[in-house]
Amino acid sequence: MRRGSIVQMVVIGVIAGAIATAVALLIPWMPTSASKEFDRINFTYWFATVISLFVFAVVAAILVYELLNFRVKADDLSDGPPVHGHTMLEVVWTVIPTILVTAIIVVSTVVLAQNSRAGDDPLQIGVVGVQFAWKFEYEHGKSYGSLRLPLDRKVQLQITANDVIHSFWVPQFAQKQDAVPGQVYNLMITPTREGTFPVICTELCGLGHSIMRSEAIVMSQAEYDGWVESESAPPEGEVDGLAVFNENGCGACHVFTAAGSTGAVGPSLDNLSEAAAAHGGMELAEYIRESIVDPNAYAPPGYVAGTMPPFDQIPPDSLDALVQYLVENTE
Ligand code: CUA
């Protein structure tokens, strides 16, 4: 091969590689990381991308060089020269890709193992997907509609679902995990940045799928400890109906002015007396209780039975408080 042609091939390869690198680096493809697991995944991603760019540049350079230099002349109908294999070339194009692919496998396997390692004492939080809200269950015995995490502490989420398959995803933590009824799957998160990040359901799960969102709040360890302490204090007096409303994510699907909620999947809770009257003149508190515990017994006009899951696991005093709260604040 002539020296000039090799120079030409290298120049084409460098230009093709530079363009691909610019596209890869200049466009912000990924959200900014907020966890150690994200950083490791990011490293794996770029490791594989840089190798791919190198291979791409080599292939593009050879291809363009061939097109420019070995193009058949017009009216040349003769056969090309017979070419036999080239052992050295074949060894090279087998050995180099084998090494590169093996390197990607090793890096990916190590990262996968590191990202699923729970360590000695992870903070455990239960995550339950229900149509159409997330519920986060803490070791101090309470559950919430949003996820609170301490900074720099390994957290093991134990993810499941009550009704259909959902999928837990916080873009800034990079990992997705399906929430499947009857199964509990673990997901490790080690937050590295304070802030509030979206929790998104990424599995089509019914009418309210697109609004099945919550938030993950990462705070300092001290702030987190303070929060747990204040939440662990024995409740003063009666259970707060609004708290039960929020813990169960009712606002994700229902408008209720008293609670400031605007969910649009289910009927509004602002005029329940009217709805109870329409349901055979049922007593208001009874109607509300039935609608929570056994929502499919009756669907108000315009709504389909089977959309709302039964909330039959709420402890009796909490359920009483919730019913009372709704009775007092509806029309
Ligand atoms: Cu839950 Cu989509």
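Here are the numbers:
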{"quantity": "Some residue of region 4-16 being among the small types (Gly, Ala, Ser) and at pLDDT 85 or above", "calculated": "no"}
{"quantity": "Only one of ILE200, ILE211, ILE165 that is within 10 Å of the ligand (Cβ to nearest atom), in contact (Cβ under 8 Å) with a residue 12 or more places away in the chain and under 22 Å from SER35 (Cα atoms)", "calculated": "ILE200"}
{"quantity": "Selection status of ASP75, out of contact with any Gly (no Cβ under 6 Å at 6 or more places or on another chain), open to solvent by 60 Å² or more (accessible area, probe 1.4 Å) and on the phi > 0 side of the Ramachandran plot", "calculated": "yes"}
{"quantity": "Residues within region 168-186 that are aliphatic (A, V, I, L, M) and more than 16 Å from the ligand (Cβ to nearest atom), tallied", "calculated": "2"}
{"quantity": "Every residue from region 171-198 that is among the β-branched types (Val, Ile, Thr) and more than 27 Å from PRO310 (Cα to Cα)", "calculated": "ILE189, THR190, THR192, THR196"}
{"quantity": "Close pairs (7 angstrom Cβ cut-off, 6 or more residues apart or separate chains): under 18 Å from ALA243 (Cα atoms) in region 117-144, away from the ligand (no atom under 16 Å from the Cβ) and of a type in the set (D, E, K, R) anywhere", "calculated": "VAL128/GLU137; HIS140/GLU231; LYS142/GLU231; SER143/GLU137; SER143/GLU247; TYR144/GLU247"}
{"quantity": "Index of the failed condition, GLY206 passing every other in (1) part of a strand (DSSP E or B); (2) within 10 Å of the ligand (Cβ to nearest atom)", "calculated": "(1)"}
{"quantity": "Failed item, numbered, when ALA61 is tested on (1) in the same structural domain as MET212 (by TED's automatic domain parsing); (2) open to solvent by less than 30 Å² (accessible area, probe 1.4 Å)", "calculated": "(1)"}
{"quantity": "Qualifying residue in region 200-216 (condition: on the phi > 0 side of the Ramachandran plot, surrounded by fewer than 20 Cβ atoms within 10 Å (Cβ to Cβ) and assigned by TED's automatic domain parsing to the domain that holds GLY129)", "calculated": "yes"}
{"quantity": "Conditions (1) part of a loop (DSSP other than H, G, I, E, B); (2) of a type in the set (Asp, Glu); (3) surrounded by 14 or more Cβ atoms within 10 Å (Cβ to Cβ); number of the one not met by ASP121", "calculated": "(3)"}
{"quantity": "Counted residues, region 111-132 - those being among the aliphatic types (A, V, I, L, M) and within 16 Å of the ligand (Cβ to nearest atom)", "calculated": "3"}
{"quantity": "Hits in region 280-301 - residues which are more than 19 Å from CYS253 (Cβ to Cβ) and not in a helix (DSSP H, G or I)", "calculated": "GLY280, GLY281, MET282, GLU283"}
{"quantity": "Residues satisfying the stated conditions in region 214-236, i.e. within 16 Å of the ligand (Cβ to nearest atom) and of a type in the set (Ser, Thr, Tyr)", "calculated": "SER214"}
{"quantity": "LEU53 vs. criteria under 28 Å from ASN115 (Cα atoms), among the aliphatic types (A, V, I, L, M) and part of a helix (DSSP H, G or I)", "calculated": "yes"}
{"quantity": "VAL58 being out of contact with any Lys or Arg (no Cβ under 8 Å at 6 or more places or on another chain), in a helix (DSSP H, G or I) and either touching a residue at least 24 places away in the same chain (Cβ under 8 Å) or acidic (Asp, Glu) (or both)", "calculated": "yes"}
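Conditions tested, residue by residue: (1) open to solvent by 40 Å² or more (accessible area, probe 1.4 Å); (2) of a type in the set (D, E, K, R).
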{"position": "THR262", "(1), (2)": "yes, no"}
{"position": "VAL265", "(1), (2)": "no, no"}
{"position": "SER291", "(1), (2)": "no, no"}
{"position": "TYR303", "(1), (2)": "yes, no"}
{"position": "GLU331", "(1), (2)": "yes, yes"}
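The rows are residues; the columns are (1) modelled with pLDDT of 90 or more; (2) in a helix (DSSP H, G or I).
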position	(1), (2)
VAL64	no, yes
ALA74	no, no
VAL91	yes, yes
ILE99	yes, yes
ILE104	yes, yes
THR109	yes, yes
GLN114	yes, yes
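The values are calculated or read from the model by the stated rules, or taken from the named source; none is laboratory data. As the structure is a prediction and not an experimental result, all values here were calculated from the model. Quick reminder, even Gly has a Cβ in these numbers, built from the backbone with ideal geometry, and neighbours come from all protein chains shown. Calculation scope for accessible area: heavy atoms of the full protein, side chains included, ligands and nucleic acids excluded. Shrake-Rupley method; radii C 1.70, N 1.55, O 1.52, S 1.80 Å.
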